[in-house]
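Notes follow the structure.
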Amino acid sequence: MKSLLGFFLFCFFFASFGAAQTVFDHFTGTSLNKKLWWPYGEVSARSFGKSQMKMSLSSNQKSGMISMEAMKGDFDFVLDFSQFSAPGSNNLDAEFELSVMNAEGPIGVENHLGVSIEGAGRGIQFSTYSEQAGKFQGFAKRATTATAGELRIRRYTLQSKVWIAALVRPRGQKSWTVLRTWPNWFPNLVYIKIQASTAKTNSLSVQSDKLSYFVATRVASPMNYGRSCHSLSSRAYGIPSLGNSNYGILVWGGKKLGLTPLLTLLGLKKLGVDLSALGAPGCFLYASPDLILLLPSLDKMGWGFAKLPIPNTPSLRGLRIYHQQLVISLQNRLQLLFSNGVETILR
């Protein structure tokens, strides 16, 4: 019976990819479209030129981006890669990864599934792994000589059951290789994440030309506006629906801002006040400081999370709230650094 089900799954993979694929982001223009993506990380070089993304990482670096819009329902994401090389790998991995993560649920215990191309002391390999509520759910690896190809993750319904699959295809190969399938455990909403990372003895160079997708519905998330100063950036985590106790703001400041105190401004007015005259050149106040919250410090890697649970109060529906994050720093005379703003409409 299991072998028969496996046969049906195999046939379903290759028959169903005829569904129309749409280019989600072609990396067009001279910079990343921040209405679609939230970039983070520290790298030697990163560029998002016309129809092309390039990353060059030296030892112990990480760079990535997360979609600003959540995807609802079944999905099919395909990311290409070319010119993948990871010189200096010595039993420690350097990887380029496509993954999906839940857009609902508490931060830190996410559902996460990734598929990647890796360079290591043992050569190049494709790899996939998954976590459910922060707990490891399994992995698969396959050796390859490919330095160009595609990574793919899809969720689909077959015989009234929902599945998730990780697939890879080296350039020049017609059929997809299924690394692993899992019964679905994702919530209804997910984000896309693209990430490159290296360990201490690695370096990595990679290029991508296109991310394609097929998905039932794109769900607009809170939008970023303005610009950050000194690389302190923020984005919403989750959908601001009434009663969502896990909603909040994800903050990235980089290792130089690790362990610094974090504050959050909440306001009902959208601002754009230049703070240069107050001793913070390049920084702007984007939200009226109607409420100021002191939150746990950024961690040692420069990540932080401002949890902002939303009460289940119908009268709040449609309310616009503006957020901005601050950290205490000696990098300017005001001794404060400011992130971009985030505009939220309660739903």
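Condition check for residue 232 on (1) touching a strand residue (DSSP E or B) at 6+ places or on another chain (Cβ under 7 Å); (2) more than 22 Å from residue 66 (Cβ to Cβ); (3) in contact (Cβ under 8 Å) with a residue 40 or more places away in the chain: one failure, at (2). Of the set (1) at positive phi; (2) free of Cβ contacts under 8 Å to residues at least 24 places away in the same chain, all apply to residue 83 but (2).
Looking only at residues of the stretch 74-89 that are over 20 Å from the mean Cα position of the chain (by Cα) and buried (at least 20 other Cβ atoms within 10 Å of the Cβ), we find that the one that is modelled with the highest pLDDT is 84. Go through the residues of the stretch 98-113 one by one and say whether even a single one is acidic (Asp, Glu), in the same structural domain as residue 36 (by TED's automatic domain parsing), touching a strand residue (DSSP E or B) at 6+ places or on another chain (Cβ under 8 Å) and assigned to a strand (DSSP E or B). So far as the stretch 98-113 goes, no, none of its residues is acidic (Asp, Glu), in the same structural domain as residue 36 (by TED's automatic domain parsing), touching a strand residue (DSSP E or B) at 6+ places or on another chain (Cβ under 8 Å) and assigned to a strand (DSSP E or B). Residue 256: surrounded by fewer than 14 Cβ atoms within 10 Å (Cβ to Cβ), within 26 Å of residue 65 (Cβ to Cβ) and of a type in the set (D, E, K, R), yes or no? Considered against the rule, which asks whether it is surrounded by fewer than 14 Cβ atoms within 10 Å (Cβ to Cβ), within 26 Å of residue 65 (Cβ to Cβ) and of a type in the set (D, E, K, R), residue 256 comes out as yes. Just wondering, is there one or more residues in the stretch 150-160 that are of a type outside the set (Asp, Glu), farther than 30 Å from residue 245 by Cα and crowded, with 18+ Cβ neighbours inside 10 Å? Yes, because at least one residue in the stretch 150-160 is of a type outside the set (Asp, Glu), farther than 30 Å from residue 245 by Cα and crowded, with 18+ Cβ neighbours inside 10 Å. Taking the criterion of being part of a loop (DSSP other than H, G, I, E, B) and among the charged types (D, E, K, R), the only residue of the stretch 214-268 that qualifies is 227. Does residue 261 satisfy being over 25 Å from residue 66 (Cβ atoms), outside the structural domain of residue 36 (by TED's automatic domain parsing) and either out of contact with any Asp or Glu (no Cβ under 9 Å at 6 or more places or on another chain) or at pLDDT below 95 (or both)? It is false that residue 261 is over 25 Å from residue 66 (Cβ atoms), outside the structural domain of residue 36 (by TED's automatic domain parsing) and either out of contact with any Asp or Glu (no Cβ under 9 Å at 6 or more places or on another chain) or at pLDDT below 95 (or both).
The residues of the stretch 183-211 that are farther than 30 Å from residue 59 by Cα, in contact (Cβ under 8 Å) with a residue 60 or more places away in the chain and surrounded by fewer than 18 Cβ atoms within 10 Å (Cβ to Cβ), listed by number, are 185, 187, 188. The residues in the stretch 286-302 that are closer than 23 Å to residue 39 by Cβ and buried (at least 16 other Cβ atoms within 10 Å of the Cβ) can be counted, and the count is 5.
The values are calculated or read from the model by the stated rules, or taken from the named source; none is laboratory data. This is a predicted model, so every value here is computed, not measured. Neighbour counts are summed over all protein chains in view; Cβ atoms, including those assigned to glycine, are modelled from backbone coordinates with ideal geometry.
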